[in-house]
């Protein structure tokens, strides 16, 4: 069931994306990876609490959508020489308004487990339009909020299309593209997000290619953490986020080498350099 906007200036529309009717996409990007960004180091370490070498992303109840627990992800923009602020803040691959610890996951890994797609709709906030696609497993045949909604194809939404190469590729999920919408007249970001209906996601960091990166959160508009137990203030730049990450590992007696699989070589070398400076 849908939730109610908590402020008068907010507007929620469920089951469709009405705010895109008079807009044209600004750019198109390959949809290869999705990201899950967290605010505080405690969340990172919770995800790292492994069972038989797996990591856990826990779903949580959402006050905008009354229903099952949801895990949230967004498309990961590729590195680009274009100035991302000319398009949309959510397209900046070097920073995030949601935090400074960013996990990345191949989108096809998600779709293999949750291939069924539903359009949840748009939540219009002060500076952002959040357009949400729900992903479920194959057992879900329909969802109900106000009316009964049948599954859709990802490519039936205005955000996603098959690339030209995918028409020659048997594995469609390997060749998807997503559109960025932005209207400077409204000065609003149009953020595409995926809500996965599950209590918990488990991944093997090596087999599923799960990676952790550190991004700048010091100059972005902050989305405050809802957790009162946050250990540190977290409007950090990338280097500061690395410092607190290493400090907390040391406090909890966790060896950095045990987490090597989560980092590409460039990030790993940066971590080692920061560690030497502490």
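Here are the numbers:
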{"read-out": "Residue within region 100-112 that is within 15 Å of the chain's Cα centre (by Cα), modelled with pLDDT under 90, under 21 Å from residue 38 (Cβ atoms) and crowded, with 19+ Cβ neighbours inside 10 Å present", "value": "yes"}
{"read-out": "Region 31-43, subset within 17 Å of residue 217 (Cβ to Cβ) and within 14 Å of the chain's Cα centre (by Cα), residue modelled with the lowest pLDDT", "value": "39"}
{"read-out": "Qualifying residue in region 163-173 (condition: modelled with pLDDT under 90, closer than 19 Å to residue 33 by Cα and part of a strand (DSSP E or B))", "value": "no"}
{"read-out": "Top-ranked residue in region 137-157 [being assigned to a loop (DSSP other than H, G, I, E, B) and either crowded, with 17+ Cβ neighbours inside 10 Å or on the phi > 0 side of the Ramachandran plot (or both); ranked as modelled with the lowest pLDDT]", "value": "146"}
{"read-out": "Count of residues meeting criterion [in a helix (DSSP H, G or I) and in contact (Cβ under 8 Å) with a residue 12 or more places away in the chain] in region 255-271", "value": "7"}
{"read-out": "Residue match in region 198-213 (condition: surrounded by 15 or more Cβ atoms within 10 Å (Cβ to Cβ), in a helix (DSSP H, G or I) and at pLDDT 85 or above)", "value": "no"}
{"read-out": "Tally of residues being touching a helix residue (DSSP H, G or I) at 6+ places or on another chain (Cβ under 8 Å) and under 15 Å from residue 73 (Cα atoms) across region 105-128", "value": "4"}
{"read-out": "Among (1) modelled with pLDDT of 90 or more; (2) part of a loop (DSSP other than H, G, I, E, B), the one test that residue 246 misses", "value": "(2)"}
{"read-out": "Residues located in region 134-160, provided they are under 18 Å from residue 31 (Cα atoms) and touching a helix residue (DSSP H, G or I) at 6+ places or on another chain (Cβ under 7 Å)", "value": "135, 158, 160"}
{"read-out": "Conditions (1) closer than 26 Å to residue 153 by Cα; (2) in a helix (DSSP H, G or I); (3) more than 17 Å from the chain's Cα centre (by Cα); (4) modelled with pLDDT of 75 or more; number of the one not met by residue 13", "value": "(2)"}
{"read-out": "Options 229, 225: the member that is surrounded by fewer than 18 Cβ atoms within 10 Å (Cβ to Cβ), within 21 Å of the chain's Cα centre (by Cα) and either over 28 Å from residue 61 (Cβ atoms) or at pLDDT below 90 (or both)", "value": "225"}
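The values are calculated or read from the model by the stated rules, or taken from the named source; none is laboratory data. Just so we're clear, the structure is a prediction, and the values are computed from it rather than from any experiment. Because the Cβ atoms are built from the backbone with ideal geometry, glycine has one as well, and the counts that use them run over all protein chains shown.
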